[in-house]
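Worksheet: one structure, shown below.
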Amino acid sequence: MPTTVTRLSSVRLASSLFESSFSSRPAVAASAPGRVNLIGEHTDYNGGPVLPVALERRTAVAAGVEDGWFFVSALDGTVRGVEIDRPLRRDWTDYLVGVVRELRAIGAAPPGARVAVASTLPIGAGLSSSAAITVAAAKALSLLAGRRLTPAQLIEVAYRAEHDQVGVGCGRMDQTIAAHGAPGTALLFETGSGAIQRVPFPGRLWVVETGVAHRLTEGYLDRRRAECERALELCRELWPGLAHLADLSTDDLPAVAARLPADLAARVRHVVTETFRTRLAADALARGDFGQLGWLLVEGHESLRVDYGSTIPEADAIVEFAMDHGAHGARLTGAGGGGSVVVLAPEDESARVLAEIAQGFRERFGREPVAWSTRAASGVRRETLRG
Ligand code: ADP
Ligand code: MG
């Protein structure tokens, strides 16, 4: 199976892109990680818990003060002059424009900047490259303005940039792990209360990319969110004070099934059972019980497939092959409709498990999936630029 080795530093890539694009050196740089969510999918906009891990792969943003705004990404290497107050262009620069607008709203934006972005993350693969770029940009640009924002401020700027400005129906999970990730830990984030708790995650995990890019801004996630909002309205006819779908218990599901249309009842069933699984998974992880954790992941995947309708055949097959060949567990991670599968396997067995997944996938889909491993890594940070 092709494993992409990414020992390149995103900071060095961003810094050299800056120099070659702008013929000057950046004044500041910051980087933020992508993430895999171990479990807790579509719970973050329903008031439930999530359990993400920050990846070793990161996005770096290098910046220097300038009159006006000029953005370049290593994705295409083209410098774009951008007006912050003009309508969004409906391309990747919207994410940076969103960050600048939100920084301005709290008085933490520089007057203008040259910005170079580089990443070792796959883009649009369900690994949160969007929060990596917005959190790293919020950090770099606020530093350029002489401000040190708190993690909570960085999360809010990045969330609003993506949610309010770009218009993606995301929750706050991705920004939160990008800001709070730490080596050797997963983060149990209760999105209803905002509570965060670190849970030890000492080992490695594998990411198998389905090679199918999800398209969040094309409406699928917005549709699911709208369904959840409608389901919440209907549930409030039964439980008037209900704040979030995740506040329901599994005991309430028969009443939900009796009252709601079948598709909405299925969405609720996913959110409620996923909430239960995620808290159990955090306990299992804290005890080092990878057997139980693994089964919870597989049940979570089944719930996404059957009740949320967000898996794809490629992801279902990777989970099937992983479980047939001795993985602890596997699950489609991220919003769905494409993206990547997280695989937990005993470390001494992982090479064999991954080879079996590759072979099964090749036989069924006629191509090799890209796979790589990571340990839990750190969150957003300022990067020192080499002299
Ligand atoms: P994911 O977060 O799962 O990778 P999203 O669809 O949420 O997928 O975000 C991907 C989008 O974020 C890209 O289409 C692009 O607009 C923007 N983006 C992310 N990383 C970069 C980057 N390094 N350079 C330019 N744009 C990026
Ligand atoms: Mg994203």
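Could you give the spread of the C-alpha atoms of region 8-201 along their three principal axes, from largest to smallest, in whole angstroms?
So the three principal-axis extents are 45, 34, 29 Å.
Given Cα pairs under 8 Å that are at least 6 residues apart, what percent is the relative contact order of the chain? Present the calculation step by step, with values, prior to reporting the outcome.
Details: 892 pairs, mean separation 95.2, N = 387.
That works out to 25 percent.
What is the extension gain from GLU237 to ILE123, computed as 0.36 nm multiplied by their sequence separation minus the C-alpha to C-alpha distance, in nm to one decimal?
Numbers: separation 114, 0.36 × 114 = 41.04 nm, distance 4.11 nm.
Taking GLU237 through ILE123 to full extension adds about 36.9 nm, to one decimal.
Would you please give the FRET efficiency between GLU302 and ARG89, computed as 1/(1 + (r/R0)^6) with r the Cβ-Cβ distance and R0 = 41 Å, to the nearest 0.05? Spell out each step's value before the answer.
Details: r = 40 Å, r/R0 = 0.97.
Plugging the Cβ-Cβ distance into 1/(1 + (r/R0)^6) gives 0.55.
Using alpha carbon centroids, what distance separates region 328-361 and region 93-137, in Å?
Each part reduced to its Cα centre gives a spacing of 30 Å.
How high is the relative contact order of region 293-369, given as a whole-number percent (alpha carbon pairs under 8 Å, six or more residues apart)? Let's see the in-between values first.
Numbers: 111 pairs, mean separation 21.1, N = 77.
For region 293-369, the relative contact order is 27 percent.
Can you pull the Rg over Rh of the chain, Cα-only, Kirkwood? Write down the numbers at each step before the final one.
Working: Rg = 20.7 Å, Rh = 21.2 Å.
My calculation of the ratio gives 0.98.
Tell me, how many Å apart are the Cα centres for region 252-283 and for region 1-77?
So the separation of the two Cα centres works out to 34 Å.
Expressed as a rounded percentage, what relative contact order does region 233-387 have, with Cα pairs under 8 Å and six or more residues apart? Mind dumping the intermediate values first?
On the way: 163 pairs, mean separation 21.7, N = 155.
Rounded, it is 14 percent for region 233-387.
Stretched out fully, how many nm does the piece from GLN359 to ILE106 gain, at 0.36 nm a residue minus the Cα gap? Don't jump to the answer; show the numbers that get you there.
On the way: separation 253, 0.36 × 253 = 91.08 nm, distance 5.19 nm.
Net length gain for the segment: 85.9 nm.
Under a crude label model (7 Å from the Cα following the beta-carbon direction), how far is ALA195 from ASP324 in nanometres?
Here the modelled spin labels are 4.2 nm apart.
Give me the one-decimal nm value for the distance between modelled label points at ALA257 and ALA226, 7 Å along each residue's Cα-to-Cβ direction.
Label at ALA257, label at ALA226, 2.8 nm between them.
Return the FRET efficiency for the residue pair ARG147, LEU385: r is the Cβ-Cβ distance, R0 is 30 Å, and the value is rounded to the nearest 0.05. Please report the intermediate quantities before stating the final value.
On the way: r = 19 Å, r/R0 = 0.62.
My answer for the efficiency is 0.95.
For ALA182 and ARG25, FRET efficiency with R0 = 30 Å and r from the beta-carbon atoms, rounded to 0.05? Please report the intermediate quantities before stating the final value.
Working: r = 30 Å, r/R0 = 1.01.
Between ARG25 and ALA182 the formula returns 0.50.
Could you quote the convex hull projected area for region 109-181, Cα atoms only and averaged over all directions, in nm²?
Projected over every direction and averaged, the Cα hull of region 109-181 covers 5.0 nm².
Would you kindly state how much longer the chain becomes between ARG287 and ASP348 on full extension, computed as 0.36 nm times their sequence separation minus their alpha carbon distance, in nm to one decimal? Present the calculation step by step, with values, prior to reporting the outcome.
Values: separation 61, 0.36 × 61 = 21.96 nm, distance 2.02 nm.
Between ARG287 and ASP348, full extension yields 19.9 nm more.
Between beta-carbons, use under 12 Å as the cut-off and find the net charge around MET173, counting Lys and Arg +1, Asp and Glu -1.
That sum, taken over residues with Cβ under 12 Å, equals -3.
May I ask for the percentage of alpha-carbon pairs in region 183-327 that lie more than 24 Å from each other? Intermediate values should be presented prior to the final figure.
Working: 4402 of 10440 pairs.
The proportion of pairs with Cα distances above 24 Å equals 42 percent.
Computing the accessible area with a 1.4 Å probe over protein heavy atoms, can you report the carbon and sulfur percentage for the chain?
Numbers: 7500 of 15210 Å².
C and S fraction of accessible area: 49 percent.
Would you calculate the separation in nanometres between label points at ILE312 and VAL65, each defined as 7 Å from the Cα along the Cα-to-beta-carbon direction?
4.5
The values are calculated or read from the model by the stated rules, or taken from the named source; none is laboratory data. Just so it is clear, the structure is predicted and the values come from calculations on it, not from any experiment. Cβ sites come from the backbone with ideal geometry, for glycine too, and all protein chains shown count toward neighbours. For accessibility, only protein heavy atoms count, side chains too; no ligands or nucleic acids. Shrake-Rupley method; radii C 1.70, N 1.55, O 1.52, S 1.80 Å.
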